[in-house]
1. With θ set to phi - 60° and the Karplus curve 6.51 cos²θ - 1.76 cosθ + 1.60, what are the ³J(HN,Hα) couplings of region B:203-219 in order, to the nearest whole Hz, using x for Gly and Pro?
2. Multiply the residue separation of B:ALA229 and B:SER254 by 0.36 nm, subtract the distance between their alpha-carbon atoms, and state the gained length in nm to one decimal.
3. Under the rule of at least 5 residues apart or a separate chain, name every residue whose amide H is placed under 5 Å from the amide H of B:GLY85.
4. Within region B:1-79, which chymotrypsin sites (Phe, Trp or Tyr not before Pro) sit in a loop by DSSP and count at most 16 neighbouring Cβ atoms inside 10 Å?
5. Just want to confirm a number: the relative contact order over region B:207-359, from Cα pairs under 8 angstrom separated by 6+ residues, in percent.
6. For chain B, what ratio Rg/Rh do Cα atoms give with a Kirkwood hydrodynamic radius?
7. For B:ILE10, enumerate residues with amide H under 5 Å from its amide H, sequence gap 5+ or separate chain, H modeled in the peptide plane.
8. Kindly flag which residue pairs out of B:LYS16/B:LYS174; B:LYS174/B:LYS271; A:LYS82/B:LYS309 have an alpha-carbon separation exceeding 19 Å in this structure.
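Derivation of every value follows stated rules applied to the coordinates shown; laboratory data play no part. Source: prediction; values computed, not measured. Because the Cβ atoms are built from the backbone with ideal geometry, glycine has one as well, and the counts that use them run over all protein chains shown.
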Amino acid sequence: ARNLHSHKKPFRTTELVRMMYNESLSPADVIRKWKGDDEGPKNDEDEEEEEIFFKKAPGDDAPENLEDRAIPIFNYEDLEEKWTDEDNLETLRRRFASSNLLEEKEK
Amino acid sequence: MSDQTTQPPIRFSGQKSLVSRLVLSTLTGRPIRISQIRSSSSTNTGLAPHEVSFLRLLEAITNGSSIEFSYTGTTLVYRPGLITGSAEGLGTSGGVLRHELPAGCSRGISYFLIPLCLLAPFSKSQVNVLFTGPGVITSATSTGDVSVDTVRTAILPLYAQFGISNNIELRILKRSSPGSGGRGGGGEVQLVFGHQVRLPKTIHILNAGRVKKIRGVAYATGVSGSNNARMIETARGVLNQFVPDTYIFSDVSSAPLVPIENKSNPGAKRKIGIGFGISLVAESSTACLYSADVASPPSGGQTPEDIGKQCAYQLLETISKGGVVSSVAAPTMLMLMAMGSEDVGRLQMGRHVLGTEEIIGLGRDLRAFGAAGWGLRDASGDDGDIIVSIVGRGVGNVGRKIA
């Protein structure tokens, strides 16, 4: 069963529903788990232990992580790379009214 | 009011989503107790100036609220009163409530405006607040606040979808950027929110449509207007290939003069809040709005070209996340839906807009205040969006229950 567990697809809606109101997980953990950032089953326990250590370490949480932000922090270099890449631009083009719908249907 | 004292306060800890909890508390009438506010910080323990300022604002637009905090400011007990708005006689003169922000404030004015707008539809009389003082920053800030232009063009139009659209105005009287060290600005903004409702309409927004136009505002305070032109040019350079209908306004103003404490020269004034920035809003064919905001950091060192480009890329990123709301607008939409009538409203959201700490936290907070849990299911279509179904609480406007 553990093996199956490790192969689960990230970003599944049902997963999020299950974890959403699970008060034993912090919102950050929910997101992390949902994204499937957890390592394989073997590392799982180690990681959790490590986490506890991390949480207890003073000054571990950067102060900016603890404040509310309306705009998330972007790494603009990554963003620039992403949005100068032709493939990414093409996929985004569907979201714009200027794109040719007929052409898309032909594909 | 007497029954409220019997209600035990809902307990929260930490300074995260402090404002949204206070807003929820005011809307639902449940008292809250928040502990451990920056209790581990050795330098800035307790409530920050902007949070105290927000509490003062809450006190000013409500009647009968009580706010108590501990000596160190790490624990806060808030018992909400009725939202009266800018009613005459309670610190209001001529129908306008003046709210002064201290010079130490490091958050943009949108930090106050967005929650205030959430409270305003449920107010007894209209809300008319003039934000003034040396702490008003109208631009986007490096602390993650959107600019006042984004509030005006991307947040306020959302209220129309809930049937709240009359007599809402946000006047930008004086612009400012963050001053040195990211603190203070000296701007002036007036919010008039004259449409009060009994209950917001239940919404079903499932079609994101396609982006058809982009509007924006480039602003420069105390610096040359050519910065605006440079930001606009690079932003357009990125966006024009997608949307030919891109128009970015340019607003140049002088830096605000703020009096400084100086014994030898009591009339002395100082220019603060110099900088520039840009706000972009994309509108889809179904009137969904996506926004992006970047401003020059108070430490300087970034060219207008960088700012323009960053903002354009940020906008593309926001659009690519999909859904009908951006992450800036999502808390407003979700909260209004939860306050609606006891009916199921639906909202299609991008996977990565929903899957953020803020939104999950908000969902939990809402449940703590007695709202029903959200229903999530996959949307049809290949975008990978999620449809969020929210049952309203039917609390609505206590002040308007009879009317």
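1. After applying 6.51 cos²θ - 1.76 cosθ + 1.60, I find 10, 9, 10, 10, 10, 7, x, 10, 5, 10, 8, 10, 10, x, 10, 9, 10 Hz.
2. On the way: separation 25, 0.36 × 25 = 9.00 nm, distance 1.64 nm.
Gain on extension, B:ALA229 to B:SER254, equals 7.4 nm.
3. Residues meeting the criterion, in which the H sits 1.01 Å from N, are B:LYS124, B:SER125.
4. Details: sites: B:PHE12, B:PHE54, B:PHE69, B:TYR71, B:TYR78; in loops: B:TYR71.
When the chymotrypsin sites (Phe, Trp or Tyr not before Pro) of region B:1-79 are filtered for loop state and at most 16 Cβ neighbours within 10 Å, B:TYR71 remain.
5. Details: 287 pairs, mean separation 38.6, N = 153.
Relative CO of region B:207-359 lands at 25 percent.
6. On the way: Rg = 21.0 Å, Rh = 21.8 Å.
Reported Rg/Rh (Cα atoms, Kirkwood Rh): 0.96.
7. Those qualifying (amide H under 5 Å, at least 5 residues apart or on another chain) are B:ILE32, B:ARG33.
8. Details: B:LYS16/B:LYS174 30 Å; B:LYS174/B:LYS271 13 Å; A:LYS82/B:LYS309 13 Å.
From B:LYS16/B:LYS174; B:LYS174/B:LYS271; A:LYS82/B:LYS309, over 19 Å: B:LYS16/B:LYS174.
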